[in-house]
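Undergrad: Pasting a structure here, questions to come.
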Amino acid sequence: MDNLQRKPEMAALDSVNVTNETALKAKEDYSGLRESEAVNTNCNKNEQKKTNSLNIGYCCIKRKGSGGWNSASLLLVNQGLATLAFFGVGVNLVLFLNRVIGQDNAAAANSVSKWTGTVYLCSLVGAFLSDSYWGRYLTCAIFQLIFVLGLVLLSLSSWLFLIKPEGCGDGELICNPSSPISIVIFYLAMYLVAFGYGGHQPTIATFGADQFDENHPKERISKGAFFCYFYFALNVGSLFSNTILVYYEDTGKWTLGFWVSTGSAILALLSFLLGSPAYRYIKPCGNPLPRVAQVFVAAARKWKEVLDDDDVLYEVDGSESAIKGSRKILHSNEFDVLICTGIYRQILVPLAGRLSGNSKGLTELQRMGIGLIIGMLAMVAAGVTEVERLKRVIPEEHISSLSIFWQIPQYVLVGASEVFMYVGQLEFFNGQAPDGIKSFGSSLCMASISLGNYVSSMLVNMVMGITARGNRPGWIPDDLNSGHMDRFYFLIAVLTAADFVVYVFCAKWYKCINLEAVDDKECQREGQREEEVLSRV
C-alpha cells in the first residue's frame with residue numbers, strides 16, 4: 001500500500017524535474033516575444049500541417065534552426081542579384097531612350113527621373129500590404145515575381161520590336177523609328193519593373209532585420225551589421241551593372257544586357273525562395289491607418305484638455321491598450337544632435353563609440369547629417385570638374401582633353417555620402433517605427449528618394465525653361481559642350497546646403513523613441529501556453 005502511494009509522488013516529482021529541465025532548455029533556445037509565423041518554433045508540427053498556413057500563432061522565436069545569418073545571407077544574395085538586374089536596366093536608361101527611342105537629353109533625363117521616382121513611390125504600396133495583410137515573405141515573393149515578368153517583357157520587346165536593325169543604339173548606327181504599340185509595350189514593361197522592384201525593396205530590408213532577435217545581445221549587434229552588409233550587397237550588384245553590363249549595352253548589345261538582368265532577377269527570386277524553411281516570419285498586424293487616425297482624432301478632441309495627473313495622458317493600466325505582438329513606446333528623453341565631419345563608417349564608428357560611450361558610435365541622425373554635408377561637397381567637386389572640362393574642350397572634335405581621373409573625387413564623395421545617408425536612414429526608419437509598421441518605416445526611406453527624383457525632374461524643367469530663353473542653348477542642352485552643367489551642379493550644392501540647415505532644425509527638435517524590452521520569462525510562459533493550447537487541439 002505504501003508503495004502504491006509513493007508511485008504517484010515519485011511521478012509528480014519526475015514531472016516537476018522534467019518541467020524544470022524544459023524551462024531551462026527554453027531559456028536557452030527562446031528569446032524575444034513576437035507574434036510569429038516561424039516554421040521552426042515550439043509549436044506543434046501537426047497543427048502546422050493542419051492549418052496549412054504559415055500563420056501558426058503567438059510563439060516565441062527559436063534561434064536554433066531559424067533566422068540568424070544563415071537566413072540573412074540568402075537575403076543579402078537576393079539583394080545583390082536583384083540590384084544587378086535593376087541597375088542593369090536603369091543605369092543606361094537615359095542612353096537607351098536617347099539612342100533607341102529617340103528622345104533628347106532633357107526629355108530622357110526627365111523620363112528616367114519620373115520612372116525612378118515611381119520605383120521608390122511603389123515602396124509605400126509594398127510596405128502597406130506587407131505590414132497590413134500579406135506579411136513580409138509573401139509581399140517579397142509576389143513583387144519579385146512581378147519584377148521578373150517586367151524584365152522578361154522588356155527583353156522581348158527590345159529583341160522583337162525596338163532594336164531594329166540589330167546592333168543599333170551604339171552611338172553610330174541609328175535605330176528605326178519605333179511604332180506606337182512597341183513604345184506602349186516598352187513603357188508597360190518598364191513600369192512593371194518599377195512596381196516589382198520598388199514594392200519589395202523596403203520589405204526585404206525589414207524581413208532581413210526580422211531574422212535577428214533584438215532582445216538577444218549578439219543578435220542585436222548582428223542586426224545593426226545587417227544593414228551595412230545590405231548596403232554592401234546593393235553596391236556589389238550595381239558595380240557589375242555599372243561596369244560589365246554598361247560596356248555591352250553601350251556597344252549596342254542592349255538585348256543581351258536586358259536578358260542578363262532577367263536571369264539575375266530569376267536567380268534572386270530562387271535564392272529568396274530557397275530560404276523559406278529557415279526564415280523567421282512576423283504576422284501582419286492589420287491595417288495601421290485606422291489606428292493612426294485614432295491618434296489624430298483623439299488629439300483633436302482633447303486639444304484643450306487639462307488633467308491634474310500627467311501620467312493618465314500616456315499610460316493605461318492592464319493589457320487593454322496593448323497590440324498583440326507589438327511593444328510599447330516608452331517615454332523619450334530630449335534628443336540633441338551634434339553634427340560633425342567624419343570618414344568611413346567602419347573607421348569612425350569604433351572611435352566615436354570609445355569617445356562617446358555609445359555602442360553605435362554615431363547616431364542615425366548624426367550620420368544622415370554628415371551624409372548631407374558630404375553630398376554637398378560632391379556637387380561642388382562635380383561643378384569644379386565640369387568647369388575644367390569645358391576649358392579643355394577641343395572644338396573640332398567636340399571632346400575634352402581633361403583626364404577622367406578628375407571625376408574620382410566626386411564619385412568618392414558621392415559613395416561616402418550614400419554610406420552615411422542610406423545606411424543611417426535604413427536604421428533610423430526601421431528602428432523608430434513601431435513593430436506593426438516596420439516595412440512602412442523602411443519605405444519612407446525610399447519615398448524620400450522618390451520625392452527627390454520628382455523634384456529633380458521639376459528642377460530640370462525649371463532650369464531649362466529659364467536658361468533656354470531667347471534662343472539660348474540653356475544649361476543642359478543636347479550638346480553639353482555648349483551648356484553649363486557646372487552651374488547646375490553648383491545650384492544643387494546650394495539647395496543641399498539649404499536642406500542641411502532645415503535638417504539640423506528638425507533633427508534638433510526630434511525625440512528618439514525607446515521600445516520596451518521583452519522579458520525572457522514572459523517569453524517562456526507564452527511558449528508554454530502555446531504548447532498547452534496546441535496539445536489540446
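Undergrad: So, in nm, how far is label Leu273 from label Lys218 when the simple model puts each one 7 Å beyond its Cα toward the Cβ?
TA: Label-label distance for Leu273 and Lys218, simple model: 3.3 nm.
Undergrad: Would you be so kind as to identify which of Phe87, Thr206, Ala194 lies farthest towards the positive end of the dipole of the stretch 47-287, taking Lys and Arg as +1 and Asp and Glu as -1 on Cβ and the Cα centre as origin?
TA: Working it through, the farthest residue towards the positive pole turns out to be Thr206.
Undergrad: Using the per-residue mean of other Cβ atoms lying within 10 Å as a proxy for protection, in what order, highest first, do the peptides 470-477, 266-273 fall? Please list the in-between numbers first.
TA: Values: 470-477: 14.1, 266-273: 18.9.
Per-residue Cβ counts within 10 Å, averaged per peptide and sorted highest first, yield 266-273, 470-477.
Undergrad: While we're looking at this one, here's another question. Once amide H atoms are built 1.01 Å from N in the peptide plane, which residues 5 or more positions from Ser400, or in another chain, come under 5 Å H to H?
TA: Under 5 Å from the amide H of Ser400: Ile394.
Undergrad: Now, a different point. Mean projection of the alpha-carbon convex hull of the stretch 47-287 over all orientations, in nm²?
TA: Numbers: hull surface 56.4 nm².
Projected over every direction and averaged, the Cα hull of the stretch 47-287 covers 14.1 nm².
Undergrad: A further question on this structure: Relative contact order for the stretch 81-213 using alpha-carbon pairs under 8 Å, separation at least 6, rounded to a whole percent?
TA: Details: 153 pairs, mean separation 50.3, N = 133.
Over the stretch 81-213, the number comes to 38 percent.
Undergrad: For a protection proxy built on the mean count of beta-carbon atoms within 10 angstrom, sort 167-179, 80-92, 198-210 highest first, please. Before the final figure, lay out each step's value.
TA: Working: 167-179: 15.1, 80-92: 25.5, 198-210: 28.2.
So the order, starting with the most tightly packed, is 198-210, 80-92, 167-179.
Read the figures in this text as sums done on the coordinates, not as results from a lab. A quick note: this is a predicted structure, and the numbers were derived from the prediction, not measured. Cβ: placed from backbone, ideal geometry, glycine included. Neighbour counts: every protein chain shown.
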